[in-house]
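For reference, the structure is listed below as structure tokens.
The values are calculated or read from the model by the stated rules, or taken from the named source; none is laboratory data. The shown structure was predicted, so the numbers you read here are calculated from the model rather than taken from an experiment. FYI the Cβ positions are ideal-geometry reconstructions off the backbone, even for glycines, and counts take in every protein chain you see.
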Amino acid sequence: MLEDPAVALTILVLSLFVGVEVISKVPPLLHTPLMSGSNAISGITIVGALIAVSTEHRDLGTLFGFLAIVFAMINVVGGFMVTDRMLGMFKQREK
Amino acid sequence: MGTPIQLAYLAAAVLFILGLRNLSSAKTAPLGNQLAAAGMAVAIIATLIGQGIVGWGVILAGVVVGSSIGAVLARRIEMTAMPQMVALLNGFGGGASALVASAELLRIEPAMAGEVANSVKSWAIVLSTLIGAVTASGSVIAFAKLQELMRGAPITYPGQQYGNAIIGVGVFVLCAMIALDPTRITAFTILVGIALVLGILLVIPIGGADMPVVISLLNSYSGLAACSTGFVLGNASLVISGSLVGASGLILTKIMCDAMNRSLPNVLFSAFGAQPESAGGGGEDQGVAKAYTPDDAAVIFSNATSCIVVPGYGMAVAQAQHAVRELSDLLESKGVNVQFAIHPVAGRMPGHMNVLLAEADVAYDKLIEMDDINPQFPETDVALILGANDVVNPSARHDESSPIFGMPILDVDYAKNVFVIKRSMNPGFAGVQNPLFFHDNTMMIFGDAKKVVLSLVDAVKNY
């Protein structure tokens, strides 16, 4: 996919800029949900974990891949769900 | 086969960015979180299709186990325990990335080793493993400190920093050895072990009140580990998502450091708050703090038209947020305008106080940031300080000898009356005595924050 490291580096640098721009606009009010939500996004490593176990042969790598799936899914499901729960609590004053 | 999968990854990345963008306001934030979750679903499904779903038994088992644990944690966790929860999630994310990188290293065929040696892939493998393992064990220590399974105070010993520096050099040598020859499995095992130890050593000297910085930093690491794993697998979606999270954690880290007027190296390596006695600004000439009762406070409240509540970690410890909401409602029904002043580092993680007060149904438009609320203190009748200390210490403003000199604070001492609810006269985390407690307009009410606030409610009702 990313045979050329320069392409991967380009994507990395541009993503960092997008990240800084987008995150700077998140108000301090929502910094905890931002942390738990972005944390869930870092569970994207689930993609790597799925690739690691997607082979026919079974070895130590499969065990690592299995554990990685468990860890990453805790991260993904726990992170998005707890963020949703928290955000549901933020209410405006009734007028 | 490749292109549609790549486009699905692109869609996932776009959904992540849109999701984060919607976190810019409390109204759109729930949608933002759902967009990000949808992005994750897209990425997972695309991967399963792209891989042709081989080894689905292992996949299914892992997904079911992980999702169940995650769901139970997310439902059961108390809002006061949110810092621990985030620390734990950071750890799982970092651990997953380290495991993926390790699996990739084990899969390198000896015949291919020459080709992989000193490549982007081999360096990315050691980097992912290193960052991921440090994040995992560091997060476990952060969790243990926040959950009070271990002492929150900094743990220090002679030669600590030199020891860590030597380990740092050793880690670099090992990384280079493995990157240059990825068949060195023994060296790799040692690297994993040392990285885990390093994560522990880096977090134990950091005290409880500096946890907002540590959690933000570990958050960033978990993203960078995923990003690096993207280089291992040549997968753009990991690079993009990982760097978004990395950027987010770094921004929060910077905001937290700025809010304490300290540099990141100072937070990480100075073991702040380790020796309370030796820290400057003793309390000898400051006069006597005056202890009052809730009934005295009720008299002041009955004549007040405005009140600013300043919550701190003490409110979280005492689980006082619901009692505070009750007091706030009661005062508002008597015509007092009540607002909440939120210092960026109040509590144990960024935004901690906001979440607790939102849980207690305090409207979020009453939660005011430091820079917006500070000009209002001189016209405010009552500032009510609940388990906050260093963030309201006026010596940060003018006392150059104070360890917290220069830290931006909430200007509560400018209010007409200041109530401080505190368990005892013990100095705060920074080990600095707070001259605020001895001011003429300051009234101390000693006791557990929740009990005191509840008796305040009774006193105001019966006045």
For region A:46-95, give me every one of the helices (runs of 4 or more DSSP H) that falls completely inside it and has 1 or more residues that are more than 7 Å from chain B (Cβ to nearest Cβ) and at pLDDT 90 or above. A:60-73
Which of the residues that make up region B:328-363 are buried (at least 24 other Cβ atoms within 10 Å of the Cβ), in contact with a Ser or Thr (Cβ under 8 Å, 6 or more places away or on another chain) and aliphatic (A, V, I, L, M)? B:M349, B:V355, B:L356, B:V362
Filtered residue count, region B:48-58, keeping only those that are touching a residue at least 40 places away in the same chain (Cβ under 8 Å) and surrounded by 15 or more Cβ atoms within 10 Å (Cβ to Cβ): 1
Would a scan of region B:91-100 turn up a residue that is more than 18 Å from A:F80 (Cβ to Cβ) and in contact with a Leu (Cβ under 6 Å, 6 or more places away or on another chain)? yes
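Considering every residue within region B:48-55, establish whether at least one is over 22 Å from A:G78 (Cβ atoms) and modelled with pLDDT of 95 or more. Steps first, answer last, please.
Narrowing region B:48-55 to residues over 22 Å from A:G78 (Cβ atoms): B:49-55.
Right, trim to modelled with pLDDT of 95 or more and you get none.
Among the residues of region B:48-55, not one is over 22 Å from A:G78 (Cβ atoms) and modelled with pLDDT of 95 or more, which makes the answer no.
Please indicate, with yes or no, whether at least one residue in region B:160-172 is crowded, with 21+ Cβ neighbours inside 10 Å, touching a Leu at 6+ places or on another chain (Cβ under 6 Å), assigned to a helix (DSSP H, G or I) and in the same structural domain as B:F188 (by TED's automatic domain parsing). Break it down into steps so the answer makes sense when it comes.
As a first pass, look at region B:160-172 and keep what is crowded, with 21+ Cβ neighbours inside 10 Å: none.
No, region B:160-172 contains no residue that is crowded, with 21+ Cβ neighbours inside 10 Å, touching a Leu at 6+ places or on another chain (Cβ under 6 Å), assigned to a helix (DSSP H, G or I) and in the same structural domain as B:F188 (by TED's automatic domain parsing).
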Please pick out the residue among B:A43, B:A74, B:A37 that is in contact (Cβ under 8 Å) with a residue 60 or more places away in the chain and in contact with a helix residue (DSSP H, G or I) (Cβ under 7 Å, 6 or more places away or on another chain). B:A43
Does A:V22 count as within 29 Å of B:K27 (Cα to Cα) and either within 7 Å of chain B (Cβ to nearest Cβ) or modelled with pLDDT under 95 (or both)? yes
Could you tell me which numbered condition B:V197 fails, if it satisfies all but one of (1) more than 13 Å from B:A98 (Cβ to Cβ); (2) in contact with a helix residue (DSSP H, G or I) (Cβ under 6 Å, 6 or more places away or on another chain); (3) at pLDDT 90 or above? (2)
Single condition B:G70 does not satisfy, out of (1) assigned by TED's automatic domain parsing to the domain that holds B:I200; (2) over 30 Å from B:I178 (Cβ atoms); (3) part of a helix (DSSP H, G or I); (4) not polar (S, T, N, Q): (1)
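Does B:Q339 meet the test of being touching a residue at least 12 places away in the same chain (Cβ under 8 Å), under 27 Å from the mean Cα position of the chain (by Cα), within 14 Å of chain A (Cβ to nearest Cβ) and over 16 Å from B:I421 (Cα atoms)?
Details: touching a residue at least 12 places away in the same chain (Cβ under 8 Å): yes; under 27 Å from the mean Cα position of the chain (by Cα): yes; within 14 Å of chain A (Cβ to nearest Cβ): yes; over 16 Å from B:I421 (Cα atoms): yes.
It is true that B:Q339 is touching a residue at least 12 places away in the same chain (Cβ under 8 Å), under 27 Å from the mean Cα position of the chain (by Cα), within 14 Å of chain A (Cβ to nearest Cβ) and over 16 Å from B:I421 (Cα atoms).
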Which ones in region B:228-262 are among the β-branched types (V, I, T), in contact (Cβ under 8 Å) with a residue 60 or more places away in the chain and over 22 Å from B:G2 (Cα atoms)? B:I255
Looking only at region B:126-143, decide whether some residue is free of Cβ contacts under 8 Å to residues at least 60 places away in the same chain and not in a helix (DSSP H, G or I). no
What number of residues within region B:216-229 satisfy the criterion of being closer than 15 Å to A:A72 by Cβ and within 7 Å of chain A (Cβ to nearest Cβ)? 5
Under the condition of being within 7 Å of chain A (Cβ to nearest Cβ) and over 17 Å from B:G19 (Cα atoms), which residue from region B:240-265 is farthest from the chain's Cα centre (by Cα)? B:I251
Out of (1) within 22 Å of B:A209 (Cβ to Cβ); (2) more than 7 Å from chain A (Cβ to nearest Cβ), the odd one out for B:M85 is which? (2)
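Looking at region B:350-371, which of the residues that are charged (D, E, K, R) and under 20 Å from B:K254 (Cβ atoms) is farthest from the other protein chains (Cβ to nearest Cβ)? Break it down stepwise before answering.
First pass over region B:350-371, keeping only residues charged (D, E, K, R): B:359, B:361, B:365-366, B:369, B:371.
Applying the additional criterion that residues be under 20 Å from B:K254 (Cβ atoms) yields B:369, B:371.
Values: B:E369: 6, B:D371: 10 Å.
Applying the filter and picking the extreme gives B:D371.
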Would you be able to tell me the number of residues in region B:32-67 that are part of a helix (DSSP H, G or I) and either among the aliphatic types (A, V, I, L, M) or within 7 Å of chain A (Cβ to nearest Cβ) (or both)? 25
